[in-house]
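Some notes on the structure that comes next.
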Amino acid sequence: MMKYLFYKASMRIQFNTIILLLFCFSLSGICQHTIEGRVIDAADKKSLIFANVFISNTTKGQQTDDKGRFKITNAPSGTIDLVISYIGYETFSLQLKADTLKKPLLVMLNANSIELQAVTIKRIKDGFKRYFYIFEEGFMGKTIFSKECKLKNPKALTFTMNNDDSELIIRADEPLEIENKLLGYVIKYQLEEFRYNFKERYTSYWGYPFFEETKTKSDRRQKQWIENRNKAYYGSSQHFLKALTEKKLSAEGYVIHKLIRQEKKMFSVPLTTERRDSTGNIITQASREKMMVDSTDLKLRAEQSLKKLAINGFSRYVQYLVRTPLTESEIISPYKDMFAIDFSNHLYIVYNKEFEEPQFIEAGQKNIPQTSIVSILESPVLVEKNGHLINPLALVFEGRWGNEKIGELLPLDYLPEIP
């Protein structure tokens with residue numbers, strides 16, 4: 001007899017009920033950190049051969065055999081995302097803890113439903129020619145490492161627009177294969193959706209990366225890969241979150257300030273104000289010439305505890321930093337067997353152990369520490385001790401971390417090595 005567990009998977013465009021069945025026989029002798037099971041078609045119950053099964057953001061994965069079976073050994077502890085993909089089917093993902101899974105999985109995949117997508121989006125003619133540059137910058141990143149990444153199957157991308165043409169939407173017909181020559185990885189990325197908002201110039205994407213280490217017989221090349229991976233790791237959001245949970249921010253080179261960002265409120269005042277004497281008689285008339293003043297800036301400038309942050313003059317916002325740095329306890333607290341991140345306004349994070357790349361600083365500047373801005377979309381943000389975010393979409397990165405993207409991406413369980 002089988003027991004049935006029902007999982008509801010959100011795909012943004014549509015909601016699909018996916019059934020996960022657990023066999024009820026004993027698994028004595030199987031390692032506690034082993035994940036195994038079988039993948040079948042939800043309609044005809046036939047095995048799906050060569051389906052991709054992997055743990056997102058790791059090097060752990062494989063394809064199903066001729067009976068649709070898979071077995072992943074040495075799965076990392078903690079919360080992981082098990083992902084199963086197959087061309088023509090909806091991607092299956094499930095958050096679980098491998099050390100608590102006692103039975104094999106029978107996963108039923110549903111065929112893709114394109115009818116609902118056709119109602120809300122429209123395909124773009126010559127989309128690759130017109131908009132690939134947006135994808136390349138928004139997905140690969142803008143750093144030196146990012147520029148050396150190569151998308152090996154660009155024709156897998158489909159370019160569409162939403163109904164009012166305000167957002168570019170990009171999806172992939174198959175896992176994207178990205179070669180990162182400087183880090184020594186091939187990343188197979190199951191892209192679910194990439195969006196670019198033309199008005200706000202805001203990029204978001206989500207999906208599931210699987211890492212394969214590039215093989216080499218050259219000790220020199222292997223050493224260079226290790227050095228580059230360490231460089232990508234230190235100062236990254238992954239490194240920061242791990243240091244935050246361990247309360248080692250200062251030792252690891254981080255300084256954090258609260259960032260107050262408020263919309264400008266402009267009004268006009270005379271260029272020269274009216275002056276009166278002690279009896280109330282007008283000495284100087286107010287000029288007819290006007291100038292624009294930001295009331296938000298005036299209000300924040302009066303606070304001695306704040307320091308104004310330079311920003312593009314055409315920005316809609318004014319930004320101030322709270323002079324006193326934040327401590328870990330003001331940002332993170334224990335939550336069950338994890339941690340919860342919560343803060344007001346934004347975080348302004350300075351990493352003092354590495355300078356910013358020249359293309360991200362103004363001409364004439366040098367030796368500028370890397371800085372990032374973090375905002376919360378959904379609070380609290382749950383994170384495990386290893387720096388794994390339970391919901392990566394709950395945080396928004398700007399600055400250095402906003403520029404890194406796939407070019408600096410490392411496996412979740414990566415630890416710095418000695419070259």
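The values are calculated or read from the model by the stated rules, or taken from the named source; none is laboratory data. Not measured: the values here are computed from a predicted model. As a convention, Cβ positions derive from the backbone with ideal geometry for all residues, glycine included, and neighbour counts pool all protein chains shown.
Does S250 meet the test of being more than 30 Å from N352 (Cα to Cα), of a type in the set (S, T, Y) and surrounded by fewer than 15 Cβ atoms within 10 Å (Cβ to Cβ)? Considered against the rule, which asks whether it is more than 30 Å from N352 (Cα to Cα), of a type in the set (S, T, Y) and surrounded by fewer than 15 Cβ atoms within 10 Å (Cβ to Cβ), S250 comes out as no.
Counting only strands (runs of 3 or more DSSP E) wholly contained in region 165-246, no element carries 3 or more residues that are farther than 24 Å from E136 by Cβ and touching a Pro at 6+ places or on another chain (Cβ under 7 Å). Answer yes if at least one residue in region 121-132 is touching a Ser or Thr at 6+ places or on another chain (Cβ under 6 Å), modelled with pLDDT of 95 or more and either at positive phi or not in a loop (DSSP other than H, G, I, E, B) (or both), and no otherwise. No. How many residues are more than 17 Å from V83 (Cβ to Cβ), of a type in the set (A, V, I, L, M) and either outside the structural domain of D65 (by TED's automatic domain parsing) or in contact with a Lys or Arg (Cβ under 9 Å, 6 or more places away or on another chain) (or both) if we restrict to region 38-54? Adding up the residues that qualify gives 1. The condition (being modelled with pLDDT of 90 or more, assigned to a helix (DSSP H, G or I) and under 20 Å from Y234 (Cβ atoms)) is satisfied by just one residue among I406, I373: I406. For a quick check of your reading of the model, give me the residue pairs whose first member lies in region 77-102 and is farther than 22 Å from K45 by Cβ and basic (K, R), whose second is at pLDDT below 90 and surrounded by fewer than 22 Cβ atoms within 10 Å (Cβ to Cβ), with beta-carbon atoms closer than 8 Å and at least 6 apart or on different chains. Between residues of region 77-102 that are farther than 22 Å from K45 by Cβ and basic (K, R) and residues that are at pLDDT below 90 and surrounded by fewer than 22 Cβ atoms within 10 Å (Cβ to Cβ), the close pairs are K97/S77; K97/G78; K97/T79; K102/L27.
Out of all the residues in region 137-148, is one or more of a type in the set (A, V, I, L, M), out of contact with any strand residue (DSSP E or B) (no Cβ under 6 Å at 6 or more places or on another chain) and either outside any helix (DSSP H, G or I) or touching a residue at least 60 places away in the same chain (Cβ under 8 Å) (or both)? Yes, because at least one residue in region 137-148 is of a type in the set (A, V, I, L, M), out of contact with any strand residue (DSSP E or B) (no Cβ under 6 Å at 6 or more places or on another chain) and either outside any helix (DSSP H, G or I) or touching a residue at least 60 places away in the same chain (Cβ under 8 Å) (or both). Pairs linking a residue in region 244-267 that is not assigned by TED's automatic domain parsing to the domain that holds I376 to a residue that is in a strand (DSSP E or B) and acidic (D, E), with Cβ atoms under 9 Å and 6 or more positions apart or on different chains, do not occur.
Residues in region 355-385 that are out of contact with any Lys or Arg (no Cβ under 8 Å at 6 or more places or on another chain), charged (D, E, K, R) and more than 16 Å from I332 (Cβ to Cβ): E357, E362, K366.
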